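Read the structure below first, then the notes.
The values are calculated or read from the model by the stated rules, or taken from the named source; none is laboratory data. Quick caveat, the model's predicted, so the values are computed rather than measured. Methodologically, a virtual Cβ is constructed for each residue, glycine included, from the backbone with ideal geometry; neighbour enumeration extends over all protein chains shown. Just so you know, the surface numbers come from the protein's heavy atoms only, side chains and all, with ligands and any DNA or RNA stripped out. Shrake-Rupley method; radii C 1.70, N 1.55, O 1.52, S 1.80 Å.
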Amino acid sequence: MDQILGQVLRNAVWERLDRLTDVANDADAPALISVARSELPRLAEGWRAILRVHEPDERGDCPTCSTRWHKCKAPCSVWQVAHDHLVAGGLAHFQHSRRYRRRRAESTPDETNTSTTPATRPTGRHALIGRPHR
Ligand SMILES: [Zn+2]
């Protein structure tokens, strides 16, 4: 029974993440702003909750990822993923978007803020997890 509940819980979280990605890709600007205002703070708080339990202890080990027999030095994989996605990947996406908007502004200034520009597509996300580019 615990396995079933665990699977249901995991599926609900994966589906929620898929839904947020769909909204980011497909929603019009007003809907996107509304979702961003409600969901971004919740996502940030979710990351904080995850990262709190992976804060290094006084010996510099992650208390959550370490076992009695194997100590996991900080930063553990959770912190590395957080950095890759929230800092490194976020900056790469931001810089790509700025370059793209600048190029678009030089050629067609009226189309720089549409939600369907390639700059708003999740190219950085795919680059971070090692999938081939489409
Ligand atoms: Zn950890």
Inset, instruction - Could you grab me the full set of residues in the range 35-64 that are in contact with a helix residue (DSSP H, G or I) (Cβ under 7 Å, 6 or more places away or on another chain), within 15 Å of the ligand (Cβ to nearest atom) and of a type outside the set (Phe, Trp, Tyr)? - result: Ile50, Leu51, His54
Inset, instruction - Return yes when His70 is over 18 Å from Val13 (Cβ atoms) and surrounded by 12 or more Cβ atoms within 10 Å (Cβ to Cβ) and no when it is not. - result: no
Legend entry - Whichever residue in the range 46-67 is part of a helix (DSSP H, G or I) and open to solvent by 40 Å² or more (accessible area, probe 1.4 Å) and, among such residues, is farthest from Leu17 (Cα to Cα): Arg52
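Scanning the range 18-32 for residues that are without any contact (Cβ under 8 Å) to a residue 60 or more places away in the chain and surrounded by 11 or more Cβ atoms within 10 Å (Cβ to Cβ), which turns out nearest to Gly90 (Cα to Cα)? Before the answer, list the steps.
Here is the first cut: in the range 18-32, the ones without any contact (Cβ under 8 Å) to a residue 60 or more places away in the chain are 18-20, 22-23, 26, 30-31.
If we keep only those that are surrounded by 11 or more Cβ atoms within 10 Å (Cβ to Cβ) as well, we get 19-20, 23, 26, 31.
Working: Arg19: 20, Leu20: 17, Val23: 18, Asp26: 20, Ala31: 22 Å.
By that ranking, first place goes to Leu20.
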Inset, instruction - Test Trp79 against the stated conditions and say whether it is modelled with pLDDT of 95 or more and more than 11 Å from the ligand (Cβ to nearest atom). - result: no
